[in-house]
1. Can you find, among B:Ala338, B:Leu322, B:Ile383, the residue farthest towards the positive end of the dipole of the range B:298-398? Put +1 on the C-beta of Lys and Arg, -1 on that of Asp and Glu.
2. Mind scanning B:Lys209/B:Lys378; B:Lys119/B:Lys335; A:Lys60/B:Lys305; A:Lys30/B:Lys235; B:Lys155/B:Lys305 and naming the pairs with a C-alpha gap bigger than 24 Å?
3. Rounded, prolate or oblate, given the Cα gyration tensor of chain A, with a/c below 1.5 counting as rounded?
4. Between the range B:187-245 and the range B:129-181, what's the alpha-carbon centroid distance in Å?
5. When the scattering of the range B:324-398 is computed by the Debye formula from its Cα atoms alone, each counted once and equally, what is log10 I(q)/I(0) at q = 0.22 Å⁻¹?
6. Ballpark to the nearest 100 Å², how much total accessible area do B and A bury together, probe 1.4 Å?
7. Say R0 is 56 Å: what FRET efficiency, to the nearest 0.05, do B:Tyr173 and B:Thr300 get from their beta-carbon distance?
8. Which residues' amide hydrogens lie under 5 Å from the amide hydrogen of B:Gly301, considering only partners 5 or more residues apart or on another chain, with H built in the peptide plane?
Amino acid sequence: MFGFKAGTIIYGIIYSAFAIASILGGMLTKSLVKSFGYETVFKIMAGMSILATAMVSILKPLKNYDESTV
Amino acid sequence: MMIVRVILALFVTLTIFQCEGYSLLPTQKIQRSSSFIRYNPNLKYENVVSQSRISPFALKMQENAVVSKEEKKGLTLNKGTLSILGGFLSHLALGTIYCWGNFISYSPLNLRFFDGTVKSGIPPDALYVLPITFLAQTIVMPFAQNVFKAIGASKSLLLGSWIAAASVYLASYQTTLLNFILTYSVLFGVGLGIGYAAPMYAGWKWLPKNKGLVSGGVLAGFGGGGFLFSLIGSKIVNPTGINPVGGQFPAEVYNRFPAMLRTLSVFYAVLGLLGSLLVSEPEAEASSATSSAAPAQTVTGVTVKEALSSWQFWWMELMVILSATAGLNTVVIYKQFAATAAVLAGDRFQALVGGIGALFNGSGRLFWGNLSDKIGFKKSFTILTILQLVLMLTYQFSRISKVHKPINSTSLSNLPLYSLLLLSTPVSYSFAWRVTLL
């Protein structure tokens, strides 16, 4: 999508999403398990997954980079 | 022996998988210049790296990669193969990052919460050990290529592996969760960030036409390490397979936790040393070739500023957060979840489940990346997230399984569900990496 020109740095920034996701998952579990149980946590993560599915469907290549594809 | 056979079988399978043409890495066309083979970064990549985190650095460094005449003498293959083997061995240690999901249950009670107290029924603060490791790795990764250039791949691998091993050793002496995280998470993440790409960087130089083979062989170690050391760790800390009562083990299990970490750290250090000794680079030829080869053409793509100002970048960031949370969180909490159901009881069983999940973690990176190469990012990401959706909605049913499993057995009754779920963990890495460079 962004090409190799600055791909390393761009990927490095996007990689922060995994750290965020990991911390978010921990916070989610800690705040919900005692009150609602694991079932609720898993359902929320299911909802997040389907939201990601919906988001990828409208992802488009960059306009200012001709070789950009998704 | 069975464990060793499984690891070797996985290694061989992935190697064959790569050799059969399912390249996971950019199949770059090469431009011959006098007696050297030099990458031309401007030529279009036929495939794109499907593996996630590290490869970006290595890819950038490939622009100056050179292969010497030794290839003609048949030495390249040997040294390249040794570099793969070295990477495999060292990644057995680095891949233990995912063992925490299993080890967390053995950690002493004073390492569960930041305030050192014991709270029942509440997920522990120790859940943050893995996320902080990722965070540290994220921060260090951009600087790893500078380390490679300064001291070479072999020494970088040794440095990274030994930092990781030292982190585990030092963590064994910590009595508070904060200090434990500073060592086991932060230091380990630093070591992981430095050492992860080093063997691939070296292997790609020796075998530029077999990058898939190189990364596949190395990553087999990453998945295998999580599997192997999850079981070894459980065997050390809980040799008789005692099951927790009310979510807690007897004191004797917790008392063995520091010794387990120290023992494992020795394994990690030895594996890192062996691995780094096997990894080498054609450095002399590289330096001379760099000066004589034709100048590289411009690499296409957008700048960082252009990327950050596009909505697609932030859209992707959010997509990754939403899709990765499920797998990353489940890796850490699966044992606590299993503790809520009698049918999932059995410490050995749970350790085995986590280990198999780690195997899927390694192989899943290859599988989903290849699928993405074949059918495209959108379709494969859609399949992944829908699969993850189904697994998340049905995960709870594993604790009301009708299959009888005696306590302390290693019944496989619930393994498919667990393993498939854990399979989803690494896929977002692959996708994010691939779509970034497309």
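The values are calculated or read from the model by the stated rules, or taken from the named source; none is laboratory data. These numbers were taken from a predicted model, which means no experiment stands behind them. Quick reminder, even Gly has a Cβ in these numbers, built from the backbone with ideal geometry, and neighbours come from all protein chains shown. These accessible areas exclude ligands, DNA and RNA; they are computed on the full protein's heavy atoms, side chains included. Shrake-Rupley method; radii C 1.70, N 1.55, O 1.52, S 1.80 Å.
1. Going by the Cα projections, it comes out as B:Ile383.
2. B:Lys209/B:Lys378; A:Lys30/B:Lys235; B:Lys155/B:Lys305
3. Values: a/c = 5.99, a/b = 2.11, b/c = 2.84.
Taking the square roots of the gyration eigenvalues as a ≥ b ≥ c, chain A is oblate.
4. The range B:187-245 and the range B:129-181 have Cα centres separated by 14 Å.
5. -1.09
6. 6500
7. Values: r = 51 Å, r/R0 = 0.91.
Efficiency, from the Cβ-Cβ distance: 0.65.
8. When sequence neighbours closer than 5 places are left aside, the close amide H contacts are A:Lys5.
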